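These notes are about the structure you will find just below.
Please treat every number below as a calculation from the coordinates, not as lab data. No experiment lies behind these values; they were computed from the predicted model shown. As a convention, Cβ positions derive from the backbone with ideal geometry for all residues, glycine included, and neighbour counts pool all protein chains shown.
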Amino acid sequence: MERVGAVVLAAGAGARMGNRPKCLLELDGIPLIQRQLMALSGAGVVEQVVVLGHHAARIQPVLSDFPVTRVCNPDPAAGQVSSLRLGLQSLSSSMDTVLVALADQPLIGAQDIVELLGAYCRRPDGTSLARADVDGQPGNPVVFSAEVCKEILNSEPAFGCRQWQEAHPDKVHRWISSNMHYCLDVDSPGDIELLAARTGHRLHWPMDLDVQR
């Protein structure tokens, strides 16, 4: 059975959220980053690396009950690729498959991860990466082989998952799905309102981050 490891990206500044960590938004009282980690564990992902950066000190306590590897990007302003590469470097070399997830996707659950991994396992011959395609929109997480991980890390520092896909379009399995969970994230207060309007799910800030209190 293939061993799946995950990198969860949680290093962002949340500039459009008033410089607050988006992954600490809560759905039904549970921070989004905890929901993502529970989804990964529930789907059988054996190793999880969380990459922190901005707001690391505030996020760390909500990870204390989870058996994850925590790494901190010393220069998160360098961009998401730098966090991705740090996370990939921190995964055990025994992983056969790598999944890269965002920490601010509110509706991703274990079944969504299972379905994505299933699509990866059934990918066409010659492809090495799978991601959902929902109405022409690329989704997250993405999942790829250990060989792709090595290729990314052996490339220049600005080379990440997106750059790999652009360089190898014929090796990307764009799995057609109608599941909007893969395309929903929250980057701004307007996204919180849009999520509530579209799905009925209302996100809330923890008390210490709620600027409206």
Item checked: Amide hydrogen neighbours beyond the local backbone of ARG3, cut-off 5 Å, H modeled -> ASP96, THR97
Check: Which value in deg cm²/dmol, rounded to the nearest 500, describes the helix-derived mean residue ellipticity at 222 nm for the chain, given -39,500 (n - 2.57) per DSSP H run of n ≥ 4 and division by the residue count?
Finding: -8500 deg cm²/dmol
Note to self: What's the ranking of 56-64, 162-170 by average number of surrounding C-beta atoms within 10 Å, highest first?
What the structure shows: 56-64, 162-170
Checklist line | the range 1-60: GluC sites (Glu not before Pro) in DSSP loop, at most 16 other beta carbons within 10 Å | finding: GLU2
Note to self: Under the rule of at least 5 residues apart or a separate chain, name every residue whose amide H is placed under 5 Å from the amide H of GLY53.
What the structure shows: ASN73
Next item on the list: Using the Karplus curve 6.51 cos²θ - 1.76 cosθ + 1.60 with θ = phi - 60°, work out ³J(HN,Hα) for each residue of the range 106-114 in order, rounded to whole Hz, and write x for Gly and Pro.
Entry: x, 10, 5, x, 4, 5, 5, 5, 4
